[in-house]
Amino acid sequence: MERTKIKDVLKTDAYGATVNVKGWVRTRRGSKQVSFIALNDGSTVHNLQVVVEIGQFGEDYLKPVTTGSCISVTGVLVQSQGQGQHVEIQAKEIQIYGSADPALYPLQKKGHTLEFLREIAHLRPRTNTFGAVFRIRHNMAMAIHTFFHERGFYYFHTPIITGSDCEGAGQMFQVTTLNLYDLKKDDNGSIQYDRDFFGKQTSLTVSGQLEGELAAMALGAIYTFGPTFRAENSNTPRHLAEFWMIEPEVAFYEIAENMQLAEDFIKYCIQWALEHCADDIQFLNEHYDKELIERLLFVLKQSFIRLTYTEGIRILENAVAHGHKFEFPIYWGADLASEHERYLVEDHFKCPVILTDYPKEIKSFYMKQNDDGKTVRAMDVLFPKIGEIIGGSQREDDYEKLSRRANEMGVPEKDIWWYLDTRRFGTAPHSGFGLGFERLLLFVTGMANIRDVIPFPRTPHNAEF
């Protein structure tokens with residue numbers, strides 16, 4: 001008999017129909033005469049109750065049906081007598097696919113900390129919490145592709161292995177086939193990369209932006225969506241060594257259009273989550289973040305404030321003057337910390353903020369320089385609880401300015417000659433931004449730690465699973 005997903009069974013009122021469901025046992029309770037099995041197959045946060053007459057199957061046969069075991073149930077849909085759902089199954093046939101020894105299975109019916117669940121990341125998707133998180137993660141990926149496809153953007157695949165560091169951070173994972181126990185060096189003590197697979201030093205990418213710009217200057221509007229890597233020795237709740245980035249790049253966009261695209265994009269994703277993940281968001285709202293739904297609706301209703309960095313600094317300095325305490329100092333030229341960003345969003349404006357026109361000294365070489373000679377057309381979208389969720393800019397389209405700025409910031413021209421070529425051959429105004437996928441998921445799910453919105457987090461000293 002063809003299997004029916006539990007999410008579809010819970011929507012039906014076809015009482016008397018015979019159906020087959022398959023899934024994992026969350027709990028089993030009852031008496032010597034009857035058992036009540038809570039079954040879940042991952043299609044929904046809700047369990048389906050299966051009513052089992054013990055005498056029909058025998059206690060010995062049902063003994064392996066414990067929390068964590070996997071079973072197939074064929075039975076009749078009946079109206080539920082209990083609270084919480086209107087339908088349940090009276091079991092007629094039960095097939096046991098796999099048992100789970102209660103003495104060994106770690107996900108028993110009790111509360112587990114998120115820290116403990118990270119240690120068993122291979123099993124945590126079976127919990128209600130992570131089932132909800134990962135269904136939302138899927139839906140956010142669908143929303144992103146749909147948003148850009150509907151607006152005529154092309155999905156462009158940029159390389160994961162790269163010979164350039166577009167952020168100039170230097171915190172990159174090196175890719176090599178060289179024997180690390182027998183590295184050949186030249187007379188200056190430098191490693192001879194001509195013997196390596198690519199014949200040069202290569203690393204895992206920190207961003208697809210530079211290559212994405214090349215595509216935008218041919219296809220008009222593109223976006224990337226792929227894994228990126230940072231070898232940053234950080235153990236904060238907001239950092240991962242491996243994460244996913246969405247990076248649109250658009251020809252003929254200036255900074256104002258770029259800001260509007262970012263606002264439209266993030267509101268679209270939030271609306272999609274509320275429409276397509278209502279049960280999962282409701283569950284997370286009840287169990288993890290009582291203000292989650294209210295905060296999501298709040299962002300949808302608000303127009304994002306556009307604010308220059310200089311104005312933002314003035315507001316923060318005024319807050320300090322009136323007694324507000326920040327851990328990090330605030331002054332013009334400072335790279336804003338999360339506490340500064342969240343003050344602007346949560347305390348001062350009480351809505352999302354797009355901060356623009358940052359000092360050029362704290363931003364990347366490729367950002368469009370303003371006429372004042374001090375600032376660049378950067379933009380950061382700041383959100384409650386998160387701080388920066390999107391970072392972007394209008395890109396510098398003047399060859400001389402870009403080349404000079406790269407040289408000032410120590411970016412070797414030999415590594416970006418191909419990038420500079422787009423300013424030599426048919427240059428045009430263009431803009432783009434980057435959204436950390438996991439940062440978006442933190443906001444949409446209400447989870448507090450970024451390790452809890454990616455299936456297998458990669459952090460310093462942790463590459464398990």
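The values are calculated or read from the model by the stated rules, or taken from the named source; none is laboratory data. This one's a predicted model, so the numbers in the text were calculated from it and none came from an experiment. Here the Cβ positions follow ideal geometry from the backbone for every residue, glycine too, while neighbour counts run over all protein chains shown. Side chains are part of the model used for accessible areas, which takes the heavy atoms of the whole protein and leaves out ligands, DNA and RNA. Shrake-Rupley method; radii C 1.70, N 1.55, O 1.52, S 1.80 Å.
Across the stretch 325-334, not a single residue is classified as at pLDDT below 95, out of contact with any Leu (no Cβ under 9 Å at 6 or more places or on another chain), surrounded by fewer than 19 Cβ atoms within 10 Å (Cβ to Cβ) and more than 30 Å from Asp421 (Cβ to Cβ).
Could you check the stretch 347-367 and list, in sequence order, the residues that are among the hydrophobic types (A, V, I, L, M, F, W, C), touching a residue at least 60 places away in the same chain (Cβ under 8 Å) and within 30 Å of Asp415 (Cβ to Cβ)? Listed by number, the list holds a single entry, Phe365. Number of residues in the stretch 2-29 that are in a strand (DSSP E or B) and more than 17 Å from Ile94 (Cα to Cα) equals 0.
When the stretch 40-72 is filtered for residues that are under 25 Å from Leu104 (Cα atoms), open to solvent by 30 Å² or more (accessible area, probe 1.4 Å) and in a helix (DSSP H, G or I), the ones remaining, listed by number, are Glu59, Asp60, Tyr61.
Answer yes or no: is there a residue in the stretch 219-241 that is closer than 18 Å to Trp418 by Cα and open to solvent by 30 Å² or more (accessible area, probe 1.4 Å). Yes, because at least one residue in the stretch 219-241 is closer than 18 Å to Trp418 by Cα and open to solvent by 30 Å² or more (accessible area, probe 1.4 Å).
So which pairs qualify, if the first residue must be in the stretch 244-271 and under 20 Å from Lys301 (Cα atoms), the second must be open to solvent by 30 Å² or more (accessible area, probe 1.4 Å) and part of a strand (DSSP E or B), the Cβ gap must be under 8 Å, and the two must be at least 6 apart or on different chains? The qualifying pairs are Met259/Arg306. Checking the stated criteria, Ser164 turns out not to satisfy the condition of being of a type in the set (S, T, N, Q), over 30 Å from Lys7 (Cβ atoms) and out of contact with any helix residue (DSSP H, G or I) (no Cβ under 7 Å at 6 or more places or on another chain). Taking residues in the stretch 12-31 that are without any contact (Cβ under 8 Å) to a residue 40 or more places away in the chain and open to solvent by 60 Å² or more (accessible area, probe 1.4 Å), and partners anywhere that are of a type outside the set (A, V, I, L, M, F, W, C) and part of a strand (DSSP E or B), the pairs with Cβ atoms closer than 6 Å and at least 6 places apart or on different chains are Arg28/Ser35.
Within the stretch 390-405, residues that are within 19 Å of Leu214 (Cβ to Cβ) and of a type in the set (Phe, Trp, Tyr) have Cβ atoms under 8 Å from residues that are open to solvent by 20 Å² or more (accessible area, probe 1.4 Å) and modelled with pLDDT of 95 or more in these pairs: Tyr399/Arg424; Tyr399/Thr427, counting only partners at least 6 apart in sequence or on another chain. Annotation: Lys200 fulfils all but one of (1) surrounded by 13 or more Cβ atoms within 10 Å (Cβ to Cβ); (2) in contact with a Gly (Cβ under 7 Å, 6 or more places away or on another chain); (3) part of a loop (DSSP other than H, G, I, E, B); the unmet one is (1).
Counting the residues of the stretch 435-465 that are touching a Pro at 6+ places or on another chain (Cβ under 9 Å), open to solvent by less than 10 Å² (accessible area, probe 1.4 Å) and assigned to a loop (DSSP other than H, G, I, E, B) gives 0.
Among the listed residues Met409, Met367, which satisfies the condition of being closer than 16 Å to Leu210 by Cβ and surrounded by fewer than 20 Cβ atoms within 10 Å (Cβ to Cβ)? None of the other options fit; the residue is Met409. For the stretch 335-364, give me the residue count where each residue is among the β-branched types (Val, Ile, Thr) and surrounded by fewer than 19 Cβ atoms within 10 Å (Cβ to Cβ). Of the residues in that region, 1 qualify. Residues in the stretch 311-324 that are under 25 Å from Asp264 (Cα atoms) and surrounded by fewer than 18 Cβ atoms within 10 Å (Cβ to Cβ): 1 in all.
Set side by side, the residues Gly387, Gly432 differ, and just one is touching a helix residue (DSSP H, G or I) at 6+ places or on another chain (Cβ under 6 Å) and buried (at least 17 other Cβ atoms within 10 Å of the Cβ), which is Gly387. Among the residues of the stretch 135-147, not a single one is open to solvent by 40 Å² or more (accessible area, probe 1.4 Å), in a loop (DSSP other than H, G, I, E, B) and in contact with a helix residue (DSSP H, G or I) (Cβ under 8 Å, 6 or more places away or on another chain). Out of the residues in the stretch 120-134 that are touching a residue at least 24 places away in the same chain (Cβ under 8 Å) and open to solvent by less than 30 Å² (accessible area, probe 1.4 Å), state the one that is nearest to Gly42 (Cα to Cα). Going through the qualifying residues, I end up with Gly131. Report whether or not Tyr105 is open to solvent by 20 Å² or more (accessible area, probe 1.4 Å), touching a strand residue (DSSP E or B) at 6+ places or on another chain (Cβ under 8 Å) and hydroxyl-bearing (Ser, Thr, Tyr). In short, no. The residues of the stretch 234-278 that are within 17 Å of the chain's Cα centre (by Cα), at pLDDT 95 or above and among the β-branched types (Val, Ile, Thr), listed by number, are Ile246, Ile266, Ile270. Answer yes if at least one residue in the stretch 77-93 is open to solvent by 20 Å² or more (accessible area, probe 1.4 Å), modelled with pLDDT under 95 and under 33 Å from the mean Cα position of the chain (by Cα), and no otherwise. Within the stretch 77-93 (the criterion being open to solvent by 20 Å² or more (accessible area, probe 1.4 Å), modelled with pLDDT under 95 and under 33 Å from the mean Cα position of the chain (by Cα)), the answer is yes, since at least one residue qualifies.
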